[in-house]
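Data first, discussion second: the structure below is written as structure tokens.
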Amino acid sequence: MFLSVLPAAATPSPSPSTSADPLQDAQESATNAASWVEQNWSTWLSIGLRVLLIVVIAVALRIAVRRAITKFIERMNRTAQAVDGTAFGGLLVNVERRRQRSQAIGSVLRSVASFLILGTAALMILGTFAINLAPLLASAGVAGVAIGFGARNLVTDFLSGVFMILEDQYGVGDTIDAGVASGEVIEVGLRVTKLRGDNGEIWYVRNGEVKRIGNLSQGWATAGVDVTVSAAEDLDRVRSVLNEVAEAMSKAEPWNELLWGPIEVLGLDSVLLDSMVVRVSAKTMPGKALTVERELRWRIKRAFDEADIRIVGGSTVQPEELPAPDPAAAVAAPSVYANSASPQSEAASPIAPRQR
């Protein structure tokens with residue numbers, strides 16, 4: 001009885017198969033992992049090499065393109081400096097203007113090149129991992145439209161600045177009339193243009209707000225002077241004196257460099273009752289028209305004083321002085337009825353009733 005119960009009460013020892021299960025599972029897991037890696041290592045290696053190749057090509061292409069743009073900008077600056085050393089270089093080319101314009105163009109080109117190259121490389125890498133790019137591109141398009149709509153003023157300013165710089169509409173040192181403000185350009189940016197006004201104030205003009213631009217520093221300027229003389233003067237004598245002034249000024253320093261054409265006496269601009277206006281004009285260096293006009297007026301006044309030619313005002317004949325109005329003219333004459341003792345007043349007065 002005791003012997004029969006003892007084996008039943010004793011705890012059975014673990015079998016060899018049960019103790020070997022964890023080890024066998026680990027071996028099976030390692031075998032499966034090794035076989036999975038062996039089956040997919042070539043795919044991983046191919047993907048890794050493809051990503052590495054895309055990154056290397058993108059980085060190398062970006063560096064090459066940026067260096068090419070930098071060399072192009074440096075060549076533009078060297079050309080500007082070479083032209084600046086010539087006789088007319090200071091008149092036709094502003095080194096600071098060319099430098100800022102080239103820097104702005106280079107910055108835009110480098111940014112666009114980097115965005116295109118790196119963006120294309122990122123899309124190619126995502127495509128290598130078999131990621132569906134359609135939702136990503138759709139989301140990016142919607143986000144781009146939303147950002148563009150919200151920042152439309154900023155985008156407008158940027159695009160306007162890019163085209164202004166590329167088309168060389170104006171530059172540093174130019175005197176322009178931008179509609180909203182006018183003055184000398186001191187800095188050209190992709191978003192804002194800085195102008196210095198005639199009184200020294202600085203205007204910050206957004207490029208998107210500029211609808212028209214009048215550049216007063218490109219090509220040539222026109223200096224025009226109107227000379228008003230008496231109607232009794234001899235026109236041939238007036239023309240002769242003006243021609244002498246024009247010839248003398250054209251040969252004098254530094255006016256011979258500022259004048260880009262002969263000073264011409266255009267003739268009568270208008271004829272009034274007691275005066276006539278003679279027009280004198282000349283082509284000048286850009287931005288020097290006012291200086292030439294002041295000097296031309298100075299010389300004409302001195303020459304006319306020596307030739308005893310009278311310069312008069314541009315008004316017509318002075319009106320004749322009228323006699324002072326009579327203050328009593330507006331007062332009515334006294335009436336005879338105002339005197340109660342006059343026969344008219346007595347005849348017009350009512351008859352008094354009889355006393356009873």
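Key figures for this structure:
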| quantity | calculated |
| --- | --- |
| Percent carbon-and-sulfur accessible area, segment 193-288, ignoring ligands, DNA and RNA, probe 1.4 Å | 49 |
| Length-normalised contact order of segment 240-296 in % [C-alpha pairs under 8 Å, at least 6 apart] | 30 |
| Accessible surface, segment 172-328, averaged per residue in Å² (probe 1.4 Å) | 61 |
| Overall Cα dimensions of segment 170-222, principal axis frame, Å, largest first | 31, 23, 17 |
| Two-decimal Rg/Rh across segment 221-274, once Rg and the Kirkwood Rh are taken from alpha-carbon atoms | 1.02 |
| Total charge dipole magnitude, segment 214-322, about the Cα centre, Cβ charges on Lys, Arg, Asp, Glu only, Debye to nearest 20 | 500 |
| Listed pairs LYS71/LYS288; LYS194/LYS301; LYS211/LYS283; LYS194/LYS283; LYS71/LYS194 exceeding 30 Å between Cα atoms | LYS71/LYS288; LYS194/LYS301 |
| Summed residue charge, Cβ within 14 Å of ARG66's Cβ, Lys/Arg positive, Asp/Glu negative | +3 |
| Radius 15 Å from Cβ of ARG152, net charge of other residues (Lys, Arg +1; Asp, Glu -1) | 0 |
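The values are calculated or read from the model by the stated rules, or taken from the named source; none is laboratory data. Quick caveat: nothing in here was measured; it's all calculated off a predicted structure. Backbone-built Cβ (ideal geometry, glycine too); neighbour counts: all protein chains shown. With ligands, DNA and RNA removed, areas are computed over all heavy atoms of the protein, side chains included. Shrake-Rupley method; radii C 1.70, N 1.55, O 1.52, S 1.80 Å.
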